[in-house]
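Bear in mind that the values in this text are calculations on the coordinates, not laboratory data. The model shown is predicted, which means the values in this text are computed figures rather than measured ones. Glycine gets a Cβ as well: all are built from the backbone with ideal geometry, and neighbour counts include every protein chain shown.
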Amino acid sequence: MDNIEEIIKYSQQLNLLYVEDNQEARESTIFVLEEFFDNIIVAINGQDGLNKFKENQENIDLIITDINMPKLNGLEMTEKIKAIKNTIPILVLSAYNESGFFIDSIKLGVEGYLLKPIDIDQFFGVLEKVTQKLKLKDDIDKNIHFLKEYQEATNSSAIVSKANLQGIITYVNDEFCRISEYTPDELIGNNHNIIRHPDMPASAFKDMWHTIKNKKQIWKGLVRNKTKSGKSYYVKTTVKPILDQHNNIVEYIALRDDITDIMNPKKQLDDAIKNAKEPLVVYIKLEEFNTLVEFYDNETVETIQDKITQYLEQNLPTLCKFEKVYQLGNGEYAMTQEKAVCMEDKDTFIKQLKEYQDTIKNSSIDIYDVDYDMSIIISLAYDNNQVLESSKLGIRELLRTKQDFIISNNFAQIEHDKAQKNMKTISMVKQAINDYKIISYFQPIVNNKTQQIEKYESLVRLIDENGKVLSPFFFLDTAKKGKYYSQITNMVLNNSFSALKNTDMDISINLSALDIELKSTRDKIFELLEENKQYVSRIVIELLEDESVKDFNTIKTFIRNVKDLGVKIAIDDFGAGYSNFERLLDYQPNILKIDGCLIRDIETNSYSLSVVKTIVAFAKEQNILTVAEFVENEAIFNILNKIGVDYSQGYYFGKPEPLKV
């Protein structure tokens with residue numbers, strides 16, 4: 001304590017026993033002491049002081065006593081009190097400055113010696129030392145109390161063990177024994193390897209020992225252990241080296257929290273699959289789970305998933321002896337078992353699995369007095385070591401094809417092979433960009449009335465390392481998944497605008513809605529339009545729609561701006577895909593390019609013919625030109641010309657090739 005205010009504030013909380021036989025001295029001294037103590041117990045002689053201490057020993061914090069008193073003098077009383085409670089601080093107050101009294105009082109362990117009458121400065125100095133000692137003791141007592149509380153709380157909730165410098169267990173608490181299924185006698189004296197799971201990597205423990213032993217720091221990590229009966233359990237572990245005052249390690253203490261129940265089910269599933277010799281996985285997904293999420297709140301969705309987990313476990317196929325259904329979230333579940341257990345009779349097992357699926361489909365669960373009808377799709381994988389990945393990919397395939405059951409063996413390998421192929425394609429695209437081998441071929445577009453070429457469509461091509469010219473089929477979709485697609489678009493734009501200088505015909509440039517959403521692509525187009533003002537009227541932008549487009553307003557603004565500059569807009573692949581009559585109101589194109597799927601069988605398919613006639617009639621009414629794609633022969637051309645299509649494009653008139661200058 002650094003100042004008198006703090007000392008007085010602390011001393012006022014103390015209970016003082018003051019012993020003095022002289023009434024006058026007693027009254028004058030109490031007058032002074034009341035400035036420092038709110039609670040003073042007064043005794044009139046040594047015996048009285050001893051009696052009152054015995055009556056109030058739990059409450060008395062400090063004793064101030066005279067020496068010369070009847071019955072018992074101050075030193076005799078002090079000796080008897082110290083025999084009862086040696087830690088009680090005692091100050092001796094006397095009118096005699098005799099060395100004998102002073103030496104005797106020191107022998108008895110008193111805290112200070114004061115002369116009458118009390119000198120405030122001297123008293124304050126002695127009181128400061130006493131209060132510091134009392135406060136330190138009070139702090140220690142509190143810390144010990146709290147330490148016991150913490151120890152009790154820790155022992156009741158955490159899994160605790162201690163080990164010596166060699167890692168031998170020296171202490172375990174009840175929780176450690178409960179979760180490990182071992183008794184203290186079985187654990188103490190053994191290494192922690194007794195509970196170590198064989199799948200825990202040795203590197204984890206190597207890192208732990210390096211941290212706690214060499215670095216003398218706390219180590220934290222997730223540890224998988226095994227019980228006496230061989231079951232797995234997971235603990236979040238903290239290991240601390242206990243150091244002495246010289247920074248030497250005395251022992252190690254480990255605190256663990258059992259997180260088996262809250263352990264990520266995906267992690268548990270992964271571990272179960274890794275531990276199996278030949279694992280089999282049944283992957284399940286709730287149909288219409290997205291609708292479920294939209295219809296119910298999060299709490300209800302979680303409740304439904306939990307109840308479905310219970311229902312799935314209660315009705316498990318008997319042949320395979322599945323032990324657990326792993327709830328993976330997002331309406332997905334999985335079960336795993338050894339292949340040999342399930343596939344001894346493959347046909348019977350698959351039949352039973354489908355019956356299990358039907359049972360679920362024909363059932364409902366009660367959620368807050370509402371019956372929820374369950375319906376699931378199932379993916380089964382049991383070949384090779386990638387069964388989990390294959391089964392997940394099987395679910396993706398079921399969702400794509402809208403089926404409900406699939407055997408998804410080797411799907412992961414197929415996907416891996418596809419990824420390897422994509423990587424090669426990306427590498428090829430990157431090399432072609434670096435070598436300026438992204439080029440444009442141009443396919444003629446013919447006026448049906450004159451049968452003369454009036455336009456060319458710019459079509460991207462890639463020249464590979466062997467000099468082979470590749471169509472977009474071999475690289476463009478893959479490029480869209482990487483960072484090189486926009487670079488391809490920029491090169492095609494450059495090629496197309498350069499072609500304007502080598503022909504008097506219109507040049508059509510394909511752009512997807514996703515291209516236009518990119519600001520860098522829009523900026524590039526406007527830059528080229530500014531540089532080629534004299535050719536702007538011969539530019540046609542063929543807009544190909546995409547279901548993943550996010551910002552229609554940006555696209556509409558772009559169309560309006562380029563049309564203001566004189567560019568013509570065509571809607572590509574009209575009549576199929578995402579293009580529709582409603583979109584025409586937004587884009588107000590100059591040209592409709594009728595999708596080739598309607599044109600190629602127009603000779604034999606009356607439905608295609610009717611659709612094309614409808615498109616042509618609508619276009620003429622709106623003063624929009626029409627172009628038919630995939631015109632492969634004269635018969636198709638004659639039909640198109642007869643029903644009023646304005647332009648034709650296809651192999652009947654010419655294949656894509658470099659523009660002849």
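Here the relative contact order of the range 4-141, from alpha carbon pairs under 8 Å that lie six or more residues apart, stands at 21 percent. With no solvent and one point on each alpha carbon, what is the Debye value of log10 I(q)/I(0) for the range 233-306 at q = 0.14, 0.15, 0.20, 0.26 Å⁻¹? Evaluating at q = 0.14, 0.15, 0.20, 0.26 Å⁻¹ gives log10 I(q)/I(0) of -0.75, -0.80, -1.00, -1.11. Partnerless cysteines in the chain, where a partner means another cysteine C-beta under 4.7 angstrom, comprise Cys177, Cys597.
Packing order of peptides 299-310, 595-606, highest average first: 595-606, 299-310 (average count of other Cβ atoms within 10 Å over each peptide's residues).
With contacts taken as Cα pairs under 8 Å at a separation of at least 6 residues, the chain carries a relative contact order of 6 percent. Relative intensity of the range 158-258 on a log10 scale, I(q)/I(0) at q = 0.16, 0.17, 0.19, 0.24 Å⁻¹, equals -0.65, -0.73, -0.92, -1.45, per a Debye sum over C-alpha point scatterers of equal strength in the absence of solvent. Would you indicate which of (1) 1.13; (2) 1.47; (3) 1.74 is the value of Cα Rg over 2.2 N^0.38 Å derived from the coordinates of this structure? The value computed from this structure is option (3). Gap in Å between the Cα centre of the range 36-100 and the Cα centre of the range 117-134? Here the two parts' Cα centres lie 16 Å apart. The average projected area of the range 266-409, computed from the convex hull of its Cα atoms over all directions, is 8.2 nm².
Between the range 616-661 and the range 345-387, the alpha-carbon centres lie 52 Å apart. Here the range 422-648 was treated as a single set of alpha-carbon atoms; its pair distances binned every 5 Å from 0 give 1, 6, 14, 17, 18, 17, 14, 8, 3, 1, 0 percent. Counting DSSP beta bridges with both partners in the chain, what percentage is antiparallel, nearest 5? Rounded to the nearest five, the antiparallel share is 60 percent.
Can you tell me which of 111-117, 193-199 comes out highest on packing, and rank the rest after it, using the mean Cβ neighbours within 10 Å? Present the calculation step by step, with values, prior to reporting the outcome.
Numbers: 111-117: 16.3, 193-199: 13.4.
With the highest mean Cβ count within 10 Å placed first, the list reads 111-117, 193-199.
Ordered by packing density, taken as the mean number of other Cβ atoms within 10 Å over each peptide's residues, highest first, how do 563-573, 245-255 rank?
Working: 563-573: 18.4, 245-255: 13.2.
Highest mean packing first, the order is 563-573, 245-255.
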